[in-house]
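I have placed the structure first, in the form of structure tokens, so that the comments after it can refer back to it.
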Amino acid sequence: MQPAPQVEATDQGEATDQGIPVIDVGPFIRGEAGTGAVVRAIETACRTTGFFLVTGHGVSPERTMRLYNLARAFFDLPEDYKRSHGRGTGLNGGVAFSPIADEALAATKGIKTPGDYKESLNFGLRLNGDTWPDQPEGIESAFRDYFSEMESLAGHLRRIFCQAIGLEPDYFEPAFENHLSALRVINYPEQELDPLPGQLRAGVHTDYGFMTILRSEASSGGLQVQTRDGRWLDAPSIDGAYVVNIADAFMRWSNDEWVSTPHRVANPPRNRKGSSRRQSIPFFVNPSKETVISCLEPFCTDGKQAKYEPITYGDYIELKTRQAFGR
């Protein structure tokens, strides 16, 4: 991945120029002094922007680069080869390929647009897909190894959330025993021609599940986060850091006190210099299908009423997916 400018954070939760805090979670993971500052900084971010960056996470850079490079090699293969793989749904733990303009994320917000200008490979341990391609060699193991790294980081973040909310440290873990988390590598190709009217690299949306952990890279035409007053901020890209955001199911769980913030991936400017190709690796942290999403007790005290009826995560995600793919 391309290196990006470093942002130094001398205090936990210090914001970047874009207003999104950078938080070193290393003290919490290692059980060192400073754990309380980590928890407070993340809770503040979750209640305000819904986005923050984490460093000190311990994710293997070697496994990250291996997945990045092998996925890029797949996206460089001929279109007919790519479309002949990953289009079936008969294999649990298989791979799914989504070609350019196959998905329109803004549809989940009731906005009609052309399909997003991106393609992706998708994998989940308990999600249906197709037989893995034989090119490039090792791509399946790269996905599985990185998936394991993300499971570990997600567990650390869930425990931070529990401490911030006032729950037992492992409160959420039963919901993730058979989790439906998904790993996606997204390729945003060069845009040699003008996009269609209303077409973005990824339309405005919020993520569906518990949270998302994103490994991104610096390029023109990147992730943008919407502020409460409707402005769009460019999310910072810091080498080795992860962007974390609260997603819809957890916002619902928290009775809307922790926020799932709209975001999008912008088109590169037409007068850009150099390459605008971009590749990102989001890990969508999702609970099990049977998990009931209902207001957590700390968010329904002192006369506060639950805003939503309980719903299983399976029913919730089915609705969101149908919207995104126009079904």
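The values are calculated or read from the model by the stated rules, or taken from the named source; none is laboratory data. Keep in mind that what you see is a predicted model, and the values were worked out from it rather than measured. Heads up, the Cβs are rebuilt from the backbone with ideal geometry, glycines too, and the neighbour counts pull from every protein chain shown. These area figures cover heavy atoms from the full protein model, side chains too; ligands, DNA and RNA do not enter into them. Shrake-Rupley method; radii C 1.70, N 1.55, O 1.52, S 1.80 Å.
Residues in the range 102-118 that are part of a helix (DSSP H, G or I) and under 13 Å from Phe325 (Cβ atoms): 4 in all. Output the residue which, of all residues in the range 119-132 that are within 17 Å of the chain's Cα centre (by Cα) and part of a loop (DSSP other than H, G, I, E, B), is nearest to Ser181 (Cα to Cα). Within the range 119-132, the match that is nearest to Ser181 (Cα to Cα) is Gly124. Being in a loop (DSSP other than H, G, I, E, B), open to solvent by 10 Å² or more (accessible area, probe 1.4 Å) and over 20 Å from Thr321 (Cα atoms) is the filter here, so list the residues in the range 262-288 that pass it. Of everything in the range 262-288, those that are in a loop (DSSP other than H, G, I, E, B), open to solvent by 10 Å² or more (accessible area, probe 1.4 Å) and over 20 Å from Thr321 (Cα atoms) turn out to be Ala266, Asn267, Pro269, Arg270, Asn271, Arg272, Lys273, Gly274, Ser275, Arg277.
Of the set (1) surrounded by fewer than 16 Cβ atoms within 10 Å (Cβ to Cβ); (2) within 16 Å of Pro298 (Cα to Cα); (3) of a type outside the set (Asp, Glu), all apply to Ser148 but (2).
Looking only at the range 289-326, count every residue that is surrounded by fewer than 17 Cβ atoms within 10 Å (Cβ to Cβ) and under 23 Å from Leu121 (Cα atoms) and tell me the total. The qualifying residues number 8. Considering the conditions (1) modelled with pLDDT of 95 or more; (2) open to solvent by less than 70 Å² (accessible area, probe 1.4 Å); (3) not acidic (Asp, Glu), Gly13 is excluded by exactly one of them, (1).
Within the range 107-118, if we keep just the residues that are charged (D, E, K, R) and within 20 Å of the chain's Cα centre (by Cα), the residue that is surrounded by the fewest Cβ atoms within 10 Å (Cβ to Cβ) turns out to be Lys109.
Close contacts from the range 174-194, counting a first residue that is of a type in the set (Lys, Arg) and a second that is modelled with pLDDT of 95 or more and not in a helix (DSSP H, G or I), with Cβ to Cβ under 6 Å and a gap of 6+ residues or different chains, come to Arg184/Ser120; Arg184/Asn122; Arg184/Pro282. Close contacts from the range 216-234, counting a first residue that is touching a residue at least 40 places away in the same chain (Cβ under 8 Å) and a second that is surrounded by 17 or more Cβ atoms within 10 Å (Cβ to Cβ) and aromatic (Phe, Trp, Tyr), with Cβ to Cβ under 7 Å and a gap of 6+ residues or different chains, come to Gly221/Tyr188; Val225/Phe51. Of all residues in the range 292-327, those that are within 27 Å of Pro99 (Cβ to Cβ) and of a type outside the set (Asp, Glu) total 12.
Give all pairs with beta carbons closer than 7 Å in which a residue from the range 75-93 that is under 17 Å from Phe143 (Cβ atoms) meets a residue that is surrounded by 10 or more Cβ atoms within 10 Å (Cβ to Cβ) and β-branched (Val, Ile, Thr); count only pairs at least 6 apart in sequence or on separate chains. Close Cβ pairs satisfying both conditions: Gly86/Val95; Leu91/Thr131.
For Gln305, the conditions (1) free of Cβ contacts under 8 Å to residues at least 12 places away in the same chain; (2) under 16 Å from the mean Cα position of the chain (by Cα) are fulfilled apart from (2). Pairing each residue of the range 124-141 that is at positive phi with any residue that is modelled with pLDDT of 95 or more, provided the two are 6+ apart or on different chains, yields C-beta distances under 7 Å for Gly138/Leu70.
With respect to the stated conditions, Phe325 is of a type in the set (Phe, Trp, Tyr) and either out of contact with any strand residue (DSSP E or B) (no Cβ under 6 Å at 6 or more places or on another chain) or on the phi > 0 side of the Ramachandran plot (or both).
Here the helices (runs of 4 or more DSSP H) wholly within the range 22-101 that include at least 1 residues being modelled with pLDDT of 95 or more, under 21 Å from Arg277 (Cβ atoms) and open to solvent by 40 Å² or more (accessible area, probe 1.4 Å) are 61-75, 79-83.
Would you confirm whether or not the range 227-244 contains a residue that is open to solvent by 40 Å² or more (accessible area, probe 1.4 Å) and closer than 26 Å to Pro61 by Cβ? Yes, the range 227-244 contains at least one residue that is open to solvent by 40 Å² or more (accessible area, probe 1.4 Å) and closer than 26 Å to Pro61 by Cβ. Within the group Ala249, Ala241, Ala202, which residue is in contact (Cβ under 8 Å) with a residue 40 or more places away in the chain, farther than 19 Å from Val39 by Cα, in contact with a His (Cβ under 9 Å, 6 or more places away or on another chain) and small (Gly, Ala, Ser)? The match here is Ala202. Against the conditions (1) of a type outside the set (A, V, I, L, M, F, W, C); (2) touching a helix residue (DSSP H, G or I) at 6+ places or on another chain (Cβ under 8 Å); (3) outside any helix (DSSP H, G or I); (4) surrounded by fewer than 22 Cβ atoms within 10 Å (Cβ to Cβ), His156 satisfies every one except (3).
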